[in-house]
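Accompanying notes for the structure given below.
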Amino acid sequence: QKAGRMELNKQDLSLPSWFSHLVRCCELALGDNTTRATQLPPFSLSVETSAKEGLLLWCQRKTAPYKNVNVQNFHISWKDGLAFNALIHRHRPELIEYDKLRKDDPVTNLNNAFEVAEKYLDIPKMLDAEDIVGTLRPDEKAIMTYVSCFYHAFSGAQKAETAANRICKVLAVNQENEHLMEDYEKLASDLLEWIQRTIPWLENRVPQKTMQEMQQKLEDFRDYRRVHKPPKVQEKCQLEINFNTLQTKLRLSNRPAFMPSEGRMVSDINNGWQRLEQAEKGFEEWQLNEIRRLERLDHLALKFRQKASIHEAWTEGKEAMLKQKDYETATLSDIKALIRKHEAFESDLAAHQDRVEQIAAIAQELNELDYYDSPSVNARCQKICDQWDSLGSLTHTRREALEKTEKQLETIDQLHLEYAKRAAPFNNWMESAMEDLQDMFIVHTIEEIEGLIAAHDQFKSTLPDADREREAILGIQSEAQKIADYNNIKLSGNNPYTSVTPQIINSKWERVGSLPALGCNLSQANIVGPWIQTKMEEIGRISIEMNGTLEDQLNHLKQYELNIVEYKPNIDVLEQQHQLIQEALIFDNKHTNYTMEHIRVGWEQLLTTIARTINEVENQILTRDAKGISQEQMQEFRASFNHFDKFKACLISLGYDVENDRQKRTGSMDTDDYRALLISTGYSLGDAEFNRIMSVVDPNNSGVVTFQAFIDFMSRETTDTDTADQVIASFKVLAGDKNYITAEELRRELPPDQAEYCIARMAPYQGPDTIPGALDYKSFSTALYGESDL
């Protein structure tokens, strides 16, 4: 480096040859240490002022943006080292942290620039920092030589940048052309797809079914002309413009002409557009002709529906009216009115014949014009025609029925009139007879009594003739009723000519017949009373001798109860007779020992006994199902209970061991029977244990043990039942041996409804190991068996 500087000081270099000489100096400086400055090629040292100024101008332009840098020459301006660092930072900013450099530290600045240039820019370190700082005016040629190395280094980068810019420009043009090509391809593809999709729609000449659908199709076509097609026209124009512009740019940039993909040429688009225009021709005119055709069809269809609706509204209820059999309950005058009303309806029916013919004609025309809804029109027209035929047939049938009923009612009316003429005198005779029979007489002599008896005997002799007259009168009424029943005529009300009904005649006749021989029916109580006693005894035997399953016994008892209830009319008859006796002021009945009060009490006891027996069997079924008692056990309990009179003996007979230190017989059984029982069973019964059992089965100390109480006791003693402790143990298993259980555990282990039942009723757990939401399952379990107040 020093040799290079010495040689430069001796020679005056011109700038162009100086630059090449400078390169040679750099090579020598970087070469072998034995190389000396004397080996530098000789050349003229004439330096051109313009070259120096050019290099200075280049340095000024590159360092202009940096503070504390003012390059005015090639000596003093470079002394602080900032200018060197500025040149490097301007071209390679990542190599220099310029903001951290200080103007008052030139040595550091210079060394930093020299080291970076040598390491990263392959510029040899030609200058020494201490020499530059220690010299009042640094060597100008040496600094120019060193700065020229920067110029050559960065000018190469500038060339690369220029080359890159040129490539980028070329690529940008190519990318723009490719973008235009892609746009053309996409636009052409979309346009051709729209054309291919639209042409079938325009070529579709399938008629629509309704005017609204056809008008909508016309509106869609107009929307196509106004809304959808104009943008496509613009797209087609823009496509041609883009194609021409692209070809021009390619030609100007010496690129080959653009050739679109197959089927997307401008000519292809023009051909497709021509097919589109051809499809449009006549489409609107066809739509208008179809609308006119559908308008005619809609008018006919509307006319058909209006006439059909009017006709259907008129016929509504007519069939039901013609089918109704109101004449069956009508009177003669009502029948005559119905006939006149029917004649008016027949006139109205004939007037509607013309409307039915018009409806059929319109339906025929709609079929000929191929109306889309012809099936429904035909079905409706056929229904109207069928209904019209049906109305005609029903009208004829009703007229015949009315005329027939009129004749029958005239016959019935004659019978009613005859009945009235004969019933009135007979009714008066019965009323007079009842008055005479109920009249009170005061007699004082035997002759008067015998006269009354003779008169009464004479009255009784007239009763057979009167009975025959009654039967004849009732026969007239029966004949009228037979005619009505045979012809399904429901007679409304009573005889229009009289208020005396057959029921009244029969009732008064019964009273007339009962008054003379009131005592003939007083023995009815002798039948009812023993019947009640017999049934009570039978119920007692049934309850003792029950066989079969409990369900069979229950069905048998219910059937027996039904038979008892069916006997109730006999009790009612007896009540009526008792009322007649009281009305006749008869208080002593010598024909029977039973009073009505005895009959009533016995009947009520009978009903209560059978109901109680049925309830007992139902409770036995519940006990059996709940306790798991077998049918054989139940029969054994029943047999033992029926065999022994006392509950204690019943327990012993079943083998129930109730021992105590003392053995003492208690109950109503005699000593011998009880001793024999003990010997046969081999068991004994202590007083204390027996009293405990009696307190269970007879808590009220009534002295009576029912079979149900006996069953409950035996089921508790012989079956395995759940206890509160067992339920607590089960809950403890679910809770994982904890003294409490949570709602989550209950919902996880139990069915949903049972889990929610427990959660709603369990009290919060209060123990020392409680947690939020803990539930007390122990108090809940004891409460289930009545062992707590929960």
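The values are calculated or read from the model by the stated rules, or taken from the named source; none is laboratory data. Remember, predicted model here, so these are calculated numbers, not experimental data. Neighbour counts run over all protein chains shown; Cβ positions are idealised from the backbone, glycine included. Side chains are part of the model used for accessible areas, which takes the heavy atoms of the whole protein and leaves out ligands, DNA and RNA. Shrake-Rupley method; radii C 1.70, N 1.55, O 1.52, S 1.80 Å.
Pop a pseudo-label 7 angstrom from the Cα along the beta-carbon direction at both T135 and D725 and give the gap in nm to one decimal.
Spacing of the two 7 Å Cα→Cβ label points: 12.0 nm.
So which lysines can K732 reach, going by Cα to Cα under 30 Å and dropping same-chain residues fewer than 8 places off?
Correct list for K732: K627, K778.
Can you flag which of K52/K79; K303/K341; K460/K482 are past 21 Å Cα-Cα?
Among K52/K79; K303/K341; K460/K482, the Cα-Cα distance tops 21 Å for K303/K341; K460/K482.
Can you give the extra length, in nm with one decimal, that the chain gains between V170 and R225 once fully stretched, where that is 0.36 nm per residue apart less the Cα-Cα distance?
15.4 nm
Going by amide H atoms built from the backbone, whose H comes under 5 Å of the H on I741, apart from near neighbours?
L775, Y777
Need the full-extension length gain, D105 to L562, defined as separation in residues times 0.36 nm minus the C-alpha distance. One decimal, nm. Can you show the working numbers first?
Numbers: separation 457, 0.36 × 457 = 164.52 nm, distance 13.23 nm.
Result: 151.3 nm gained on full extension.
Between M434 and K482, how many nm apart are label points set 7 Å from Cα along the C-beta direction?
Label-label distance for M434 and K482, simple model: 2.9 nm.
Using the beta-carbon distance between L288 and Q247 and R0 = 45 Å, what value does 1/(1 + (r/R0)^6) give for FRET efficiency, to the nearest 0.05?
FRET efficiency, L288 to Q247: 0.50.
Give me the distance in nm between label points sitting 7 Å out from Cα along the Cα-to-Cβ direction at T331 and Q766, one decimal.
Spacing of the two 7 Å Cα→Cβ label points: 8.5 nm.
Please give the FRET efficiency for N555 paired with T534, using the beta carbon to beta carbon distance and R0 = 25 Å, rounded to the nearest 0.05. Mind showing how you got there, number by number?
Working: r = 22 Å, r/R0 = 0.87.
That gives a FRET efficiency of 0.70.
How much length is gained on full extension from E346 to E295, taking 0.36 nm per residue of separation minus their Cα-Cα distance?
Once the chain is fully extended between E346 and E295, it gains 14.5 nm.
5 Å is the cut-off here: which amide hydrogens, built 1.01 Å from N in the peptide plane, fall below it relative to A763, excluding neighbours closer than 5 in sequence?
Those lying under 5 Å, H to H, from A763 are D776, F780.
Order the peptides 339-351, 731-743 from the highest to the lowest mean number of other Cβ atoms within 10 Å of their residues.
731-743, 339-351
Would you tell me the accessible area of S333, worked out with a 1.4 angstrom probe on the heavy atoms of the protein chains, in Å² to the nearest 10?
80
To the nearest 0.05, what FRET efficiency results for E403 and E357 with a Förster distance of 25 Å applied to their C-beta separation?
Details: r = 30 Å, r/R0 = 1.19.
Working from the Cβ atoms, E equals 0.25.
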